[in-house]
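S.K.: What follows is a single structure, and I will ask about it in a moment.
Please treat every number below as a calculation from the coordinates, not as lab data. Bear in mind the structure is a predicted one, so any value in this text is a computation, not a measurement. Glycine also receives a Cβ, built like all others from the backbone with ideal geometry; neighbour counts cover every protein chain displayed.
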Amino acid sequence: MDEHIRAALLQIRAELRPDLPVAVLTGAGISAASGIPTFRGSADSLWENYRPEELATPEAFARDPELVWRWYDWRRAMIAAAEPNAAHLALARLAERVALTLITQNVDGLHQRAGSRGVLEFHGSIWRLRCTACGRTQDDRRVPLPIPPLCEACGGLLRPGVVWFGEGIDPAIMSGAAAAAQDCALFLVVGTSGAVHPAAGLAAVARDSGARVLEFNLELSAVSREVDLFVPGSAAETLPLLVP
Ligand code: BV8
Ligand code: ZN
């Protein structure tokens, strides 16, 4: 790693203190080192030649709920077999050193398995199911799932408890994330292409509110113009430098 970047990271590390407000936004890249394909990274992000944007929509589910469920069941099996990596663990440790708000676009639950608490799941969770008839939600970790999974209460069709394209972000989570970005002194962007909104806009909110913005990514992203320091490399190798 470039000596200037390493020195800057060590300087920031020395400034970490319990009352320092820090906000973090993570994307699929943080789970890549755990073996979970990213959305746009490579050929392996395709499932049966479908692009995620084609399946993660209410229209796709209305058209063919079993097809969409087979995709989510495939992802659940992969995530269940995966382990949090050094980047997830570093963020769990960071929460012990600063006043941390962890915002994730990931639905995989790996932050929580690494020990992070109070994670703002901006796009929901693949482990939470919601009834399309009675609205009841239930945590369900069965792998594989019976397809299509049905509601225990009313027998209605269940859907994944995630936010699909064209669906709004939970207002409480949206306002919690926006407040954390506005109030933080340090904002970390980890493993996201910054292609999906409104999540990607949080970096600019932090920047415009005077926070120092750091990005950890293998390559430049759509939010890189908002950052003060770009840290190249795999987050599993670079993030632990910030949090010993
Ligand atoms: C909404 C859950 C309206 C489901 C997901 C403004 C401008 C343009 C478009 C829009 C806009 N506002 C809204 C839109 C439309 C749309 C959108 O953003 N479209 C994009 C594609 C153009 N947004 C929406 O539809 C949102 N809803 O606007 O609703 C509304 C408002 C009120 C009321 C009603 C309606 C909802 C979007 C949420 C969609 N759901 N996920 C599921 O997972 O199945 S999005 C999903 O894709 C993920 O959650 C994530 O957010 C996104 C993938 O992005 P990344 O995580 O960044 O992953 P990606 O593969 O792209 O990149 C990986 C990165 O990691 C790369 O940079 C790579 O270099 C890096 N990397 C790889 N390995 C490593 C690494 N980095 C470090 N270390 C490594 N080892
Ligand atoms: Zn029901």
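S.K.: Starting at the first residue of the stretch 91-104, write each ³J(HN,Hα) from the Karplus equation 6.51 cos²θ - 1.76 cosθ + 1.60 with θ = phi - 60°, in whole Hz, x for Gly and Pro.
M.R.: These are the phi-based 3J(HN,Hα) values: 5, 5, 5, 4, 5, 7, 10, 9, 8, 9, 10, 9, 10, 10 Hz.
S.K.: Please report the base-10 log of the normalised intensity I(q)/I(0) for the chain, using a Debye sum with one equal scatterer per alpha carbon and no solvent, at each q in 0.15, 0.18 (1/Å).
M.R.: For the chain at q = 0.15, 0.18 Å⁻¹, log10 I(q)/I(0) is -1.03, -1.41.
S.K.: Then there is this: Quick one: angle between helix 3-15 and the longest Cα principal axis of the chain, in degrees between 0 and 90, rounded to 10, please.
M.R.: 80
S.K.: Need the C-alpha centroid separation for the stretch 95-129 versus the stretch 173-244, integer Å.
M.R.: That distance is 15 Å.
S.K.: For residue 227, what is the net charge nearby, where nearby means another residue's Cβ is under 12 Å from its Cβ and Lys, Arg count +1, Asp, Glu -1?
M.R.: Summing Lys/Arg as +1 and Asp/Glu as -1 gives 0.
S.K.: The chain: longest stretch without exposed trypsin sites (Lys or Arg not before Pro) (DSSP loop, at most 12 other Cβ within 10 Å), sites themselves excluded?
M.R.: That would be 1-116.
S.K.: Under 10 Å, Cα contacts only: if you run a Gaussian network model on the chain, which one of 12, 126, 173 comes out with the highest mean-square fluctuation?
M.R.: With Cα springs under 10 Å in the chain, the top fluctuation among 12, 126, 173 is at 12.
S.K.: Suppose R0 equals 30 Å. What FRET efficiency, 1/(1 + (r/R0)^6) with r the Cβ-Cβ distance, do residue 204 and residue 83 give to the nearest 0.05?
M.R.: The value I calculate is 0.35.
S.K.: Which residue, 49, 217, 106, tops the fluctuation ranking in a GNM of the chain built on C-alpha contacts under 10 Å?
M.R.: Between 49, 217, 106, it is 49 that shows the largest mean-square fluctuation.
S.K.: Shifting gears a bit: Compute for the stretch 1-106: radius of gyration divided by Kirkwood radius, i.e. Rg/Rh, restricted to C-alpha atoms, rounded to two decimals.
M.R.: For the stretch 1-106, the value is 1.10.
S.K.: For the chain, modelled as a GNM with alpha-carbon contacts under 10 angstrom, which of 177, 82, 133 fluctuates the most?
M.R.: With Cα springs under 10 Å in the chain, the top fluctuation among 177, 82, 133 is at 133.
S.K.: What distance in nm separates the simple spin-label points at residue 139 and residue 179, each placed 7 Å from Cα in the Cβ direction?
M.R.: 2.4
S.K.: What FRET efficiency comes out for the pair residue 40/residue 117, r = Cβ-Cβ distance, R0 = 45 Å, nearest 0.05?
M.R.: Efficiency, rounded to the nearest 0.05: 0.95.
S.K.: Oh, and also: Using 0.36 nm per residue, how much length does the chain from residue 96 to residue 147 gain when fully extended, once their Cα-Cα distance is taken away?
M.R.: Stretched out fully, the residue 96 to residue 147 stretch lengthens by 14.3 nm.
S.K.: Right, next: With both partners inside the chain, how many of the DSSP beta bridges are antiparallel, as a percent to the nearest 5? Write down the numbers at each step before the final one.
M.R.: Values: 9 of 31 bridges.
The antiparallel proportion sits near 30 percent.
S.K.: What's the magnitude of the charge dipole for the chain around its Cα centre, counting Lys and Arg as +1 and Asp and Glu as -1 at the beta-carbon? Answer in Debye, nearest 20. Before the final figure, lay out the partial values.
M.R.: Values: 22 positive and 28 negative charges, 92 e Å.
Its charge dipole is roughly 440 debye.
S.K.: While we're looking at this one, here's another question. Work the Kirkwood hydrodynamic radius out for the stretch 120-198: mean of 1/r over every pair of different alpha-carbon atoms, inverted, in Å.
M.R.: For the stretch 120-198, the Kirkwood estimate is 14.7 Å.
S.K.: Please give the contour-minus-distance gain from residue 237 to residue 6: 0.36 nm per residue of separation, less the Cα-Cα distance, rounded to one decimal in nm.
M.R.: Details: separation 231, 0.36 × 231 = 83.16 nm, distance 1.21 nm.
Once the chain is fully extended between residue 237 and residue 6, it gains 82.0 nm.
S.K.: What GluC sites (Glu not before Pro) does the stretch 63-147 have in DSSP loop regions with at most 13 other beta carbons within 10 Å?
M.R.: Working: sites: 66, 96, 121; in loops: 96.
Hits after loop and neighbour filter: 96.
S.K.: Report ³J(HN,Hα) in whole Hz for each residue of the stretch 53-61, in order, from the Karplus equation J = 6.51 cos²θ - 1.76 cosθ + 1.60 where θ = phi - 60°; Gly and Pro get x.
M.R.: 4, 7, 9, 8, 9, x, 5, 4, 5
S.K.: A follow-up question, please. Can you tell me the length gained on complete extension of the stretch residue 170 to residue 49, counting 0.36 nm per residue apart and subtracting the Cα distance? Show your work: numbers first, answer last.
M.R.: Numbers: separation 121, 0.36 × 121 = 43.56 nm, distance 3.00 nm.
Separation in residues times 0.36 nm, less the Cα-Cα distance, equals 40.6 nm.
S.K.: Follow-up question, since we're still on this one. Under 14 Å from the 7 Å Cα→Cβ point of residue 74, by amide nitrogen: which residues of the stretch 22-36?
M.R.: Within reach of a label on residue 74, which here means backbone N under 14 Å from a point 7 Å along Cα→Cβ, the stretch 22-36 contributes nothing.
S.K.: Same structure, new question: How far is helix 65-80 tilted off the main Cα axis of the chain, in degrees rounded to 10, range 0 to 90?
M.R.: Between the helix axis and the principal axis of the chain, the angle is about 40 degrees.
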